[in-house]
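A.B. asks: Sending over a structure as C-alpha cells; questions will come in a sec.
None of the figures in this text is laboratory data; all of them are computed from the coordinates on show. Note that the coordinates shown come from a computational prediction; the quantities given were computed from them, not determined experimentally. Cβ atoms come from the backbone with ideal geometry, glycine included; neighbour counts cover every protein chain shown.
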4 protein chains.
Amino acid sequence: MSRAPESGLALTTTVHRVPFYETDAMGIVHHSNYVRFLELARIDWMAEHHRPYTAYVEEERNFATTHVSVDYKKMVRFDETVEITVGLEWIRGASLRLAYRLDAPAGLVATAATEHALVDTDGRVRRIPKDDRAQMARLVVPLEALR
Amino acid sequence: MSRAPESGLALTTTVHRVPFYETDAMGIVHHSNYVRFLELARIDWMAEHHRPYTAYVEEERNFATTHVSVDYKKMVRFDETVEITVGLEWIRGASLRLAYRLDAPAGLVATAATEHALVDTDGRVRRIPKDDRAQMARLVVPLEALR
Amino acid sequence: MSRAPESGLALTTTVHRVPFYETDAMGIVHHSNYVRFLELARIDWMAEHHRPYTAYVEEERNFATTHVSVDYKKMVRFDETVEITVGLEWIRGASLRLAYRLDAPAGLVATAATEHALVDTDGRVRRIPKDDRAQMARLVVPLEALR
Amino acid sequence: MSRAPESGLALTTTVHRVPFYETDAMGIVHHSNYVRFLELARIDWMAEHHRPYTAYVEEERNFATTHVSVDYKKMVRFDETVEITVGLEWIRGASLRLAYRLDAPAGLVATAATEHALVDTDGRVRRIPKDDRAQMARLVVPLEALR
C-alpha cells in the first residue's frame, strides 16, 4: 500500500505492517527484512512516478541491485507499522541511486540507500533507454527531502 | 559449514551452497539474502575466535545490527557455492564492525560490512564486558586481509 | 490489508500484492511463501472477529503452528494480487484449525489448512481461556464457505 | 551438507544448523522455514540417488510443488541442528511424492510430505522422461522407513 506524497517532490511512501514471520528471536524485525522493505517502496515509486517495474520485466530488463546500505536507528516489532519513503538521488547512463527513510509512529527507524544497474536476462549491463532516463532525471530530489 | 583460516589472521570462511528458495525471478540469489550470508559467517567467526553467540543469548545479550552495507559484484545462481570470509575491523565500548568478502569459484561476488551494538532484552545498549572486549580487540585484522 | 467479508460468516479476506523478493528462479512465488500468506490472513481474521494476536502475545501466549497443508493449484507471479480468505474449521480445549482459500484474478491459487495449539513462553501447551474459546466457537464456518 | 544413508534404502539425510534469521519472536524456528528445509533435503536426495536438480533446470524443466504438509512435533531454536531425512513415496507419469522426517538431538521435530509435478518454463505439466521415471521408480521406499 502506498500513499500519495505530500510535497511536490517525487517521493513515495509505502506503508508496511510487520507480519510475525519477519520477526526474529530478539523479538524484533530481522535486519535483513529492511532490505526487502526498500524494494517494496521503490517498486511503488516506479509505478507512481515513472512506469511499472513489470514494464521493464516484459522488455527482459531488470534493475539489478549493486549496492545496499542501511543505518538502523530503532527496533520495530510485530504488528507495528513502518512507512518507507523513497526518492531518486541520481541517475546515470546505466545506473541510479535511491535514498530512503523508514519511520514508525515512535520515530525514525532507519535511513538507507540502494544503487541499481539495468541488466538484460544474461546479466549484462545495458544503458537505460534515453526517454526513460530523461524522465527519471526530472524526478531527482535533494537528499534533505528525506531528512 | 566453516573452514579453518589459512593465514594466521582471525578470519573465518563459511561455505554456503545456494538453495533454490534464495533465488528470485531474475534467476539469481535475491540481494537481501546476502545480508543473511553475513550473519552465517559472523556467527561462525564468533564460535571460532571468540565465544559462541549462544553464550551471549544465554546472558540475555544480543549484538543488534546498526549498519549493513553490501557492494554486489557478481550474480550467484542456484546450487553455486559462496564462500563468505569475515574479520573484525574495529571494536569500541559497546559496538564493533566486521568486514566481509564473498567469493564464488568464478570470482569476487561482493564485499560488505556490518556494525553491531550490544543490547539487553529491552534493546538498551550495554557495554561489551571488559574481558570480551580485550579478547576481541586482539582479533582485529587489517582491511587488506579481505581484499 | 483486509477486506470486509461479504457473507454473514466469520471470514476474512486479506489482499497481498506479490513483491519481487517472494519470487524464485522459476519466475513464480516460491511455494514456502504461501505458508506466510496464511499467517497474514489469520492475524487479520483474529483482529476482525476475535481479538488482536498482540493481546495473546502480551499475555505471554502464542498459537504455535502444529500442522500446515497447502494444495497448490495455480502459479502466481510478481506484482499479481492474491486474496487469502480464512475461516475457523474447529476449536478444542487447547487447539484450533483454520481453513483457507487463495484466489487470484485468474482463478483459484491454492487451498490450505493450519492447526495451532496455545502455548506459553516455555512452549508448554495451555488451555485456551474459556471465554476466548466460547467466543471463537461461534465463529466456526462450514468448509463449503471456502469452496 | 548431506550424510550417506545408513540403510540400503534410497534415503538422504541433510544436516541443517539453524541460523538466527530463521527464528521468530517466539524464539523458535518460524514454521514456514520447515518447508524450505524439505527443499534442501530433496535437492540432496536427487543429487545422491537420481541426478542433480540443475540437470532438469538446464533442460528447462522444474518440479513444481503441488502439495506440502507438515506436522510439527517439537520446537527448534537458534543454533540447533536439524536432520531432514527424505525418501520417495511414489512416482507417476508426471508427478511424484516425497516423505520426510525431521529430527533434532532431543527427538522427532516434524514429519512432512511434498508432491511435485514436472513443468516446462511456461508452467505446463510435462511427463517425466521414461528413463528418469524408471530409475526413480526403483527408489521408492516403504513409509515405515521414515518412522
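A.B. asks: Taking a label point 7 Å from Cα toward Cβ, how far is D:Asp120 from its twins in the other copies, in nm, shortest first?
C.D. replies: 2.4, 5.9, 6.4
A.B. asks: Same structure again: Taking each residue in D:105-113, count the Cβ atoms of any other chain within 10 Å of its Cβ, then average. What number comes out?
C.D. replies: Across the residues of D:105-113, the mean count of other-chain Cβ atoms within 10 Å is 1.
A.B. asks: Now, a different point. How well do other chains shield peptide B:56-69, expressed as the mean number of their Cβ atoms within 10 Å of each residue Cβ?
C.D. replies: 4
A.B. asks: Over 30 Å between Cα atoms, which of A:Lys73/A:Lys130; C:Lys73/D:Lys130; B:Lys130/D:Lys74 qualify?
C.D. replies: A:Lys73/A:Lys130; B:Lys130/D:Lys74
A.B. asks: Let me ask something else about it. In debye, nearest 20: dipole of the range C:15-131 around its Cα centre with unit charges on the Cβ of K, R (+) and D, E (-)?
C.D. replies: In debye, rounded to 20, the range C:15-131 gives about 340.
A.B. asks: Here is a further query. Filter the chymotrypsin sites (Phe, Trp or Tyr not before Pro) in the range D:23-58 down to the DSSP loop ones having no more than 10 other Cβ atoms within 10 Å, then list what survives.
C.D. replies: none
A.B. asks: With each label point set 7 Å from Cα along the Cα-Cβ vector, what nm distance links B:Ala47 and B:Glu59?
C.D. replies: Each label point is offset 7 Å from its Cα along the Cβ direction, giving 1.9 nm.
A.B. asks: Continuing with this model, one more query. Going by average Cβ density within 10 Å per residue, which order do the peptides C:65-72, A:104-111, A:13-20, C:120-127 take, highest to lowest?
C.D. replies: Descending packing order for the listed peptides: C:65-72, A:13-20, A:104-111, C:120-127.
A.B. asks: Shape call for the protein assembly as shown from the C-alpha gyration tensor, a ≥ b ≥ c root eigenvalues: rounded (a/c under 1.5), prolate (a/b greater than b/c) or oblate?
C.D. replies: rounded
A.B. asks: According to the square roots a ≥ b ≥ c of the eigenvalues of the Cα gyration tensor, what is the shape class of the range B:5-64, taking rounded for a/c under 1.5, prolate for a/b larger than b/c otherwise, and oblate for the remainder?
C.D. replies: Taking the square roots of the gyration eigenvalues as a ≥ b ≥ c, the range B:5-64 is oblate.
A.B. asks: Counting GluC sites (Glu not before Pro) as exposed when in a DSSP loop with at most 13 other beta carbons within 10 Å, what is the longest stretch of chain A free of them?
C.D. replies: Longest gap between qualifying sites, sites excluded: A:61-147.
A.B. asks: Specify whether the C-alpha gyration tensor of the range B:1-100 places it in the rounded, prolate or oblate class, a ≥ b ≥ c being the square roots of the eigenvalues: rounded for a/c under 1.5, otherwise prolate if a/b is larger than b/c and oblate if not.
C.D. replies: Prolate, since a/c reaches 1.5 and a/b exceeds b/c.
A.B. asks: Assigning unit charges at the beta carbon (Lys, Arg +1; Asp, Glu -1) and nothing else, what dipole magnitude in debye, to the nearest 20, does the protein assembly as shown show about its Cα centre?
C.D. replies: It comes to approximately 0 debye.
A.B. asks: How many Cβ atoms of partner chains, on average, are near each residue of B:37-43 if near means within 10 Å of its Cβ?
C.D. replies: Whole-number average of other-chain Cβ neighbours for B:37-43 is 3.
A.B. asks: Sum up the charges of everything whose Cβ sits under 11 Å from the Cβ of B:His67, counting Lys and Arg as +1 and Asp and Glu as -1, but leave B:His67 out.
C.D. replies: Result for the local shell: 0.
A.B. asks: Next question, about the same structure. Shortest first, in nm, what separates the label point of A:Pro105 from those of the same position in the other copies (7 Å along Cα→Cβ)?
C.D. replies: Those separations, rounded to one decimal, come out as 3.4, 4.4, 5.3 nm.
A.B. asks: Sticking with the crude label model, points 7 Å out along Cα→Cβ, report the distance from A:Val15 to D:Lys74 in nm, one decimal please.
C.D. replies: Spacing of the two 7 Å Cα→Cβ label points: 4.5 nm.
A.B. asks: Defining the label point at 7 Å along Cα→Cβ, can you sort the distances from B:Arg51 to the same site in each other copy, shortest first, in nm?
C.D. replies: 4.1, 5.3, 5.9
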